[in-house]
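So the structure is just underneath, and the comments pick up after that.
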Amino acid sequence: MRLGVLDVGSNTVHLLVVDAHRGGHPDPMRSEKTQPRLAEQVEAGRLTEAGARRLVRAVARAKATAAIAGCDELLAFATSALRDAENSAAVLARVRAETGVELQVLSGEDEARYTFLAARRWYGWSAGRLLVLDIGGGSLELAVGRDEDPDVALSLPLGAGRLTRQRLPGDPPARRDIEALTADLDATLAPVARRLREAGPYDVAVGTSKTFRSLAQLAAAAPSHTLTDVGLRQLFAFISRMASADLAGLDGVSPGRAHQLVAGALVAGAAMRALDVRELQICPWALREGVILHRLDTLGAPTSSQRPWPLTDRRPRPFLNIAR
């Protein structure tokens with residue numbers, strides 16, 4: 001079957017179209033992104049009218065693209081930007097009324113669980129217990145476990161975009177702001193790390209998301225499947241002194257995300273310190289792939305055994321079938 005996955009994030013609205021079947025490897029067919037930068041359109045805790053219009057346009061465009069691509073289903077979800085907005089219910093209703101798309105807002109825990117599932121499938125059972133870290137625009141997800149469903153799944157409001165806006169106003173950031181944020185990150189992550197360690201030791205530490213991929217590529221001066229703590233420290237000494245316009249010119253750095261790379265590196269470094277991680281494996285699969293895999297797992301399964309969508313929500317699964 002052909003699936004469309006629509007991911008409404010803090011910065012981008014990303015449509016991924018794949019051909020897939022239960023038990024098979026999802027084959028990417030098309031990818032399309034727009035950058036409404038929803039998180040930057042939140043004022044006094046509410047998504048602005050301009051932000052809502054941007055979202056509606058982006059979702060309508062993605063739906064049209066999915067229909068042209070011949071998708072059988074469109075799995076549409078939103079993460080921290082809408083999760084945190086006080087008027088999210090009204091915005092979701094507007095999107096549904098104007099586009100016909102039912103956006104599901106994932107909890108932070110569900111983000112961590114879907115991402116963990118994707119990493120588990122990528123590395124297989126032989127990898128043993130996994131520790132999975134995912135830095136997004138609005139939040140940091142962490143999960144650890146041996147099975148496909150992690151023993152512990154956590155989400156913290158430590159996204160690279162959020163911290164850039166709230167804590168690093170300079171371009172490049174001032175040294176005092178970097179030092180203050182570093183101290184706060186260490187204090188925040190210390191009890192989180194204790195909780196993850198209590199779940200048991202990990203065998204392989206994994207990083208997902210564009211932030212980790214960019215950092216790994218820059219640290220190795222080439223596409224890389226690993227990120228070391230030493231490499232990250234050396235890289236940070238370099239990028240922390242660069243303006244975002246200069247960072248955007250580096251290989252592996254998206255122009256739309258360059259301004260938040262320093263904050264992303266700070267979060268990555270703090271998480272690796274807190275969890276005593278010397279090296280992260282960089283996984284190309286993350287949240288979107290986890291959603292796809294979870295959906296494929298339910299195909300042909302008895303209704304009573306299907307896991308809900310989202311994982312912590314017991315409502316029926318509201319897939320939008322755009323092929324009919």
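Overview of results
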{"quantity": "Number of the condition not met by Y202 [criteria: (1) within 20 Å of L275 (Cβ to Cβ); (2) open to solvent by 30 Å² or more (accessible area, probe 1.4 Å); (3) touching a residue at least 60 places away in the same chain (Cβ under 8 Å); (4) assigned to a helix (DSSP H, G or I)]", "calculated": "(4)"}
{"quantity": "Index of the failed condition, S126 passing every other in (1) open to solvent by 10 Å² or more (accessible area, probe 1.4 Å); (2) touching a residue at least 40 places away in the same chain (Cβ under 8 Å)", "calculated": "(2)"}
{"quantity": "Of all residues in the stretch 241-274 being surrounded by fewer than 19 Cβ atoms within 10 Å (Cβ to Cβ) and not small (G, A, S), the one that is nearest to the chain's Cα centre (by Cα)", "calculated": "P255"}
{"quantity": "Evaluation of D276 against (1) more than 22 Å from R120 (Cβ to Cβ); (2) modelled with pLDDT of 95 or more; (3) of a type outside the set (A, V, I, L, M, F, W, C) (one fails), failing number", "calculated": "(1)"}
{"quantity": "Verdict on V230 being modelled with pLDDT of 95 or more, more than 23 Å from T34 (Cβ to Cβ), surrounded by fewer than 16 Cβ atoms within 10 Å (Cβ to Cβ) and out of contact with any Gly (no Cβ under 8 Å at 6 or more places or on another chain)", "calculated": "yes"}
{"quantity": "Hits in the stretch 231-274 - residues which are without any contact (Cβ under 8 Å) to a residue 24 or more places away in the chain and not in a helix (DSSP H, G or I)", "calculated": "A248, G249, P255"}
{"quantity": "Residues (within 17 Å of the chain's Cα centre (by Cα) and assigned to a strand (DSSP E or B)) located in the stretch 147-178", "calculated": "A153, L154, S155, L156"}
{"quantity": "Residue in the stretch 177-192 that is over 17 Å from R273 (Cβ atoms), of a type outside the set (G, A, S) and loosely packed, with under 13 Cβ neighbours inside 10 Å present", "calculated": "no"}
{"quantity": "Out of A237, A187, A174, sole residue that is more than 16 Å from A268 (Cα to Cα) and of a type in the set (A, V, I, L, M)", "calculated": "A174"}
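The values are calculated or read from the model by the stated rules, or taken from the named source; none is laboratory data. Quick caveat, the model's predicted, so the values are computed rather than measured. Cβ: placed from backbone, ideal geometry, glycine included. Neighbour counts: every protein chain shown. Heads up: the accessible areas ignore ligands, DNA and RNA and are worked out on the full protein's heavy atoms, side chains in. Shrake-Rupley method; radii C 1.70, N 1.55, O 1.52, S 1.80 Å.
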